[in-house]
Amino acid sequence: MFGTAISSIISALVRWSGLAALVRHTIARNRVSILVYHDPSADVFERHLRFLADRYNVIALADLLEALGSEKWGDLPARPLVVTFDDGHRGNADLLSLFRRYSVRPTIYVCSQIVGTRRHYWFLESPDPEPLKGLPDAQRLSVLGGTGFSVTREYREAQALSVDETERLIEAVDFGAHTRFHPVLTTCLDADCETEIESARTEVETVIGGVCVDFSYPNGDYGDRELALVRRAGYRSARTIDIGWNTKWTDPFRLKILGTEDDASINRLAADLTGITGYLARVTVGSLNGRHRQVAKRGSRRGS
């Protein structure tokens with residue numbers, strides 16, 4: 001509660017001191033901000049969109065990628081902002097009318113072996129998923145198996161978008177890949193990491209009946225191996241959770257974010273868009289980028 005209270009005070013100070021507006025009209029004016037959501041309620045998301053509509057110009061991810069490294073960068077509107085969603089939660093379907101009303105074309109990065117099924121996200125089935133994220137992938141799955149969870153188990157209720165829901169969304173949404181089962185890629189063996197990245201693309205294309213060319217790193221963790229595999233798989237971009245703005249010269253496979261919480265107040269949203277709250281949060285875990293290092297043994301399943 002103390003942490004929440006301090007966060008609320010900082011967010012209010014950043015917004016109402018004028019700092020949020022200053023950043024918006026200076027640093028963010030000619031740089032692209034990217035927001036990340038997961039499963040916000042329609043009420044909260046609409047409040048966010050109302051706030052953003054008067055202060056930013058929301059563009060599609062494709063607009064950003066087309067402008068990177070080219071003279072088209074100057075054609076982007078002032079204070080451009082991209083909206084993205086990770087995982088492909090079923091609740092995203094409830095936001096379709098808001099996408100239309102506010103002329104927002106988001107990118108939803110889905111897990112290709114969870115979307116269109118009644119399989120569950122492992123991190124929603126664990127009472128404390130954070131300690132598991134740093135384990136070698138096989139060990140994480142073993143621990144989860146002890147609780148009765150399996151990545152291929154079909155449950156009574158779906159947590160992810162259905163095929164029908166993706167079909168309804170496709171006219172207003174771009175879909176990207178978020179691996180197959182949402183492992184922390186840096187903890188996977190080489191072969192497993194490759195499969196999670198490469199197969200996800202073709203599997204998403206099968207689900208949506210269209211092209212999938214954008215990727216998002218689960219948990220925001222990646223390294224040289226993951227970067228190389230994403231490029232080799234034929235994606236055109238990959239979004240991280242590294243804090244910052246995107247410039248004309250940003251690496252398209254290391255797109256930065258100014259993330260916010262699904263239930264963020266408007267004060268918190270305004271503060272998050274300055275980068276201040278994101279930087280403070282990352283400092284507490286010791287890194288502004290991915291949080292876990294490579295721990296899996298490569299090339300062999302032995303000892304994993």
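Can you confirm whether Ser103 is among the small types (Gly, Ala, Ser), assigned to a loop (DSSP other than H, G, I, E, B), within 17 Å of the chain's Cα centre (by Cα) and farther than 17 Å from Asp39 by Cβ? No. Any residue that is assigned to a strand (DSSP E or B), charged (D, E, K, R) and either modelled with pLDDT of 95 or more or surrounded by fewer than 18 Cβ atoms within 10 Å (Cβ to Cβ) (or both) - is there at least one of those in the range 117-134? No: zero hits.
Of the helices (runs of 4 or more DSSP H) entirely within the range 1-96, those holding at least 1 residues that are over 20 Å from Ala281 (Cβ atoms) and of a type in the set (Asp, Glu) occupy 42-53, 61-67. Checking each residue in the range 120-165 for being of a type in the set (Ser, Thr, Tyr) and touching a Gly at 6+ places or on another chain (Cβ under 7 Å) picks out only Ser162. Taken over the range 260-298, the criterion of being at pLDDT 95 or above and surrounded by fewer than 14 Cβ atoms within 10 Å (Cβ to Cβ) is satisfied by Asp263 alone. Pick from the range 62-109 the residues that are surrounded by fewer than 19 Cβ atoms within 10 Å (Cβ to Cβ) and polar (S, T, N, Q): which of them is farthest from Arg50 (Cα to Cα)? Checked the range 62-109; the qualifying residue farthest from Arg50 (Cα to Cα) is Ser70. In the range 192-207, the residues that are at pLDDT 95 or above reach residues that are of a type in the set (Val, Ile, Thr) and not in a helix (DSSP H, G or I) with C-beta atoms within less than 7 angstrom, at least six apart or across chains, in these pairs: Glu196/Thr179; Ile197/Thr179; Ala200/Thr179; Val204/Val110; Glu205/Val211; Val207/Val115.
The values are calculated or read from the model by the stated rules, or taken from the named source; none is laboratory data. This structure is a prediction, so every number in the text was calculated from the model and none was measured. Positions of Cβ are generated from backbone atoms using ideal geometry, with glycine treated the same way; all protein chains shown enter the neighbour counts.
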